[in-house]
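Here is the structure we will look at.
Just so you know, all these numbers are worked out from the coordinates, no wet-lab data involved. All values derive from a computational prediction rather than experimental measurement. In this analysis, Cβ positions are derived from the backbone assuming ideal geometry, glycine residues included, and neighbour counts consider all displayed protein chains.
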Amino acid sequence: MSPHADDTRVLMLGNEAIARGALEAGVSFCAGYPGNPSSEIIDTLLKAKVAYPFHAEWSVNEIVAMETAAAAAFAGLKAICAMKQNGINVCADFLTTVNLTGTNGGGLLVVVCDDPGPLTSSNEEDSRFYARLAMLPLLEPATPQEAKDMTAWGLEASCRWEIPVMLRSVSRLSHGRAGVALGELPTTASTPKFDVRRPLLGLPSIVTKNHARLKRKMSDIQIELAASPFNAYMGPPRPDLLVVAGGLAFLYAREAVTELGLEERVGILAWLVRGCLEWQRDGLRTSAAVADAGERYRLSEDVTGRFLEDRVIWNPSATLPAKDLYAAFVAWCEAEGESPCTQTRLGLDLAARGFEQKRTNAARIWRGLRLRADRRGPYRPDSTPTTHSATQRESIHNASGENSDGCDGCDAFDGFSQNPCTFSR
């Protein structure tokens, strides 16, 4: 495992390329259970861990491998677990739970190596259906080069999306060799961290909300994947026949088209297969549609921010009993169809936003907050507030009719700014 790129191309197995991609992405934890055609992934990482700052292990079974890798992801690290198609059956219970809880900011790549037309297996299984069952993104490389690049990309995407990502290989790819262009290997270890404010439990009261959140997230991910650099078209502008293929099937389709001399008549759409060189050269560009989808998702997930926008006004002279604020929060959550967090967790979230809580002889109070009777929207935490002069504020207040105590027309909570003289509606 050379630490430098230098435009070096190395002959690698598909499994070795997957291991290399994990290292280039800065993986911190690797686990798996031995079984062909996946065994070389963890075996390669075990040999490399002597020189690089990460942990690799053989687990007692596949579900232990996935659970320990998920624990690393919960701590904000990048983790990979590898298995053959039989193994995904063993850990299906946990897979259909961690997809709902999410990865808490870390990355979890689940690598499954299928054995179609089995060479070393007692069954024949298509593990891609687990991605559909668990509503998770699926990557299918066609070559060792794509196996390396998709592994690195998948780990980064898992951190960004905060859900596991599946990568499916097959025996002919895992045990096939090809030249692979190497990238740089990181030399520093990542620091684990754990956000205690976010619940990671599969409790019945949380599952329905998490399921709805996953469906919204997958809708936005589909937009991003549609613009992925791994999608490409090969063939004439107006083909007589279009073949849509993913994974190793793309190579078979290309070979058949070439052998039959149909390059001018048949086109092949490689879905999440090609475009690796463009990604390496230009990085993953974000389109306007992706940015808008990401913004919609971020706003929908910020329950506390939406509550503050709807029900709370920042007023430097005001105080608000903590119990009253939490009661208003619970009532708002019920009206919005959200599951309220605990009062302690809400307090931590408010403190992280810069609000101050004080204990008095009578009760705990929040400084600078008061409840409003009406409701405002939409919530725009990234809007830039405009500071107005006294004359401008008077004009705005007269036009809006909202010149109540506490400068209600100007001090609406905008998510980040706590300037009582801002008007950002």
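Could you tell me which of rounded, prolate or oblate describes segment 133-175, using a ≥ b ≥ c as the square roots of the eigenvalues of the alpha-carbon gyration tensor, with rounded for a/c under 1.5 and, failing that, prolate when a/b is larger than b/c and oblate otherwise?
Values: a/c = 3.54, a/b = 1.58, b/c = 2.24.
Oblate shape, in that a/c is at least 1.5 and b/c is the bigger or equal ratio.
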(Q) Starting from 0.36 nm per residue, how many nanometres of slack lie between Ala363 and Thr319 once their C-alpha separation is accounted for? (A) 14.7 nm
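Let me know the shape class of segment 138-217, please: from the alpha-carbon gyration tensor, a ≥ b ≥ c as square roots of the eigenvalues, rounded when a/c is under 1.5, otherwise prolate if a/b is greater than b/c, or oblate.
Details: a/c = 3.40, a/b = 1.71, b/c = 1.98.
Oblate shape, in that a/c is at least 1.5 and b/c is the bigger or equal ratio.
Mind ranking 78-87, 354-363 by how tightly packed they are, going by the mean number of other C-beta atoms within 10 angstrom, highest first? Show your work: numbers first, answer last.
Numbers: 78-87: 28.4, 354-363: 10.5.
The peptides rank, most packed first, as 78-87, 354-363.
Among rounded, prolate and oblate, which fits segment 9-183 when a ≥ b ≥ c are the square roots of the eigenvalues of its C-alpha gyration tensor, a/c under 1.5 means rounded, and a/b larger than b/c means prolate? Let's see the in-between values first.
Values: a/c = 1.42, a/b = 1.08, b/c = 1.32.
Verdict is rounded for segment 9-183.
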**Q.** Rough spin-label spacing in nm, given labels placed 7 Å along Cα→Cβ, for Asp195 and Ala331
**A.** 2.9 nm
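Given the Cα-Cα distance of Thr120 and Glu301 and 0.36 nm per residue of separation, how much length would full extension add, in nm? Write out the running numbers ahead of the final one.
Values: separation 181, 0.36 × 181 = 65.16 nm, distance 4.50 nm.
Extra length available between Thr120 and Glu301 comes to 60.7 nm.
Please report Tyr33, Tyr326 as a ranked list, fewest other C-beta atoms within 10 angstrom at the top and most at the bottom.
Numbers: Tyr33 24, Tyr326 18.
Result, fewest neighbours first: Tyr326, Tyr33.
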Q. Hey, if you put +1 on the Cβ of every Lys and Arg and -1 on every Asp and Glu Cβ in segment 9-183, which of Ser39, Pro144, Asn104 ends up farthest toward the positive end of that dipole?
A. Pro144
(Q) So if each residue of separation counts as 0.36 nm, and I subtract the Cα-Cα distance between Gln222 and Leu46, what length gain in nm does that give? (A) 59.9 nm
Q. Lysines within cross-link reach of Lys358: Cα-Cα under 24 Å, excluding same-chain residues under 8 positions apart?
A. Lys323
Q) Using 7 Å Cα-to-Cβ label points, what is the Arg172/Thr188 separation (nm, one decimal)? A) 4.4 nm
Q) What spacing in nm lies between the two simple spin-label points modelled at Asn89 and Arg9, each 7 Å away from Cα in the Cβ direction? A) 4.1 nm
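Magnitude of the Cβ-charge dipole of segment 9-183, K/R +1 and D/E -1, about the Cα centre, nearest 20 debye? Can you show the working numbers first?
Values: 13 positive and 18 negative charges, 84 e Å.
It comes to approximately 400 debye.
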